Amino acid sequence: MRLTRLFLFLFLAFPLWLQAQDEAYQPRPAVQARLADKALLLDVINTGRQFVAAGERGIVLTSEDGQQWTQAENVPVQSTLTRLAFVGEQLWAVGHDSTIIHSSDAGRTWSLQNFEPENEEPLFDVHFFDDRNGLAIGAYGLMLHTDDGGQSWQQAYMADELAGEAIDWPDVEQRAALDEADEDLDGDDDLYDSASDFDRGCYEFLECHLNALVAVEGQGLMIAAEGGYGFRSEDDGQSWESFRFPYAGSMFGLVAFGSEILAYGLRGHAQLTSDFGRSWRELDTGISSNIMGAAVTGSGQVMLVGNGASILAYDPATDQFTASQDQLGNDYAAVAVRNGSSLVVAGAGGIKNE
């Protein structure tokens, strides 16, 4: 009798359990928040027509002047959004749960293009070459390609597309041995990136987290990854070559100005290349906190922001940084330029004007 009752229970309950699991993977619309501009925001961009910011719980904000903000209508997810991209009035945002959302009305309303929470692979950056061809990157080497404006996305991994490497392993070993003795490397740090873990680490299985992507006109695409790894493509992402940064820690972002690319990331490290990553020069930023975002001003200065309310200005003409920091302040995640020189900063405390 007990077995009969058990089978009956399973027969009746199992379909309901399956339905619950299916519903758990369904996206939920972002909640309208009265203080949305004070929420955790991870990216802010200037499209030339307006400012757009995005962050936790699927929050998307738009502003005409970078000071007064309106929360977007009909954002179809509550997933954390990590990065924005635009072509004209077409906007895309990517984030956790492999989320990709799209707006065709300058950010007022959004539609869902991709959502795969069961894979547990967040997306960290996205770039569109035009209004049809785009590339999104994320955790464990994930790469998503589209050639129809995001109506469909084709999944690949860096392991599928890597065609070669430009890594001098003996040199990497030597530098790692020196860095291993550096007393500044603290194994208790949540963001610890031991240089001694150079032993091909994520590269061994090509499952590096792909943190940031930049397109450089006339050169190609470059990706900053974890553990001192980078990848570059000279054929619009059809194939990739790996390389190593001088510093063995993670780079969180890339910014291009002229023919130069500045990579920035863990522990205040910044590195500069003028030959598309074939050689790098380490820069002294003067800070030791993580650098998370960057933008270029109208005068050509590179503005960088990061943890501890860090704001740095790099002048390519003098090769010098000036920095301000408040260790008790909110962590900054991204920055956009307003009116050529003023800053719109996004981070743990929402939007701030500098």
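Just a few scattered comments:
- Computed from point charges on the beta carbon alone (+1 for Lys and Arg, -1 for Asp and Glu), the dipole magnitude for segment 28-353 about its Cα centre is near 1500 Debye.
- Using a Förster distance of 51 Å, the FRET efficiency for Gln26-Gln327 (Cβ separation, nearest 0.05): 0.80
- Here the dipole of segment 212-354 is about 280 debye; that uses its Cα centre as origin and unit charges on the Cβ of Lys and Arg (positive) and Asp and Glu (negative).
- Fewest-first sequence of Ile101, Ile287 by Cβ atoms within 10 Å of each Cβ: Ile287, Ile101
- If the segment from Lys38 to Ser152 were pulled out straight at 0.36 nm per residue, it would be longer than the present Cα-Cα gap by 37.7 nm.
- Ala333 long-range amide H proximity, modeled H, under 5 Å: Ala346, Gly347, Ala348
- Tail beyond 32 Å, pair distance distribution of segment 28-353 (Cα, percent): 24
- For Gly138, nonlocal amide neighbours, meaning residues 5 or more places apart or on other chains whose placed amide H falls under 5 Å from its own, are Phe124, Leu210.
- Taking Val52, Val296, Val31 and counting other C-beta atoms within 10 Å, the order from fewest to most: Val31, Val296, Val52
- Label-to-label distance for Ser259 and Thr318 is 2.5 nm, based on points extended 7 Å past Cα in the beta-carbon direction.
- Extended-chain gain in nm, criterion 0.36 nm per residue less alpha-carbon gap, Phe129 and Asn353: 77.7 nm
- Using R0 = 25 Å, the C-beta based FRET efficiency linking Ser288 and Ser341 works out to 0.40.
- Multiplying the residue separation of Asp236 and Glu89 by 0.36 nm and subtracting their alpha-carbon distance yields 50.7 nm.
Throughout, read-outs are computed from the coordinates displayed, never taken from laboratory work. No experiment lies behind these values; they were computed from the predicted model shown. All Cβ positions, even for glycine, are placed from backbone atoms using ideal geometry, and neighbour counts span all protein chains on display.
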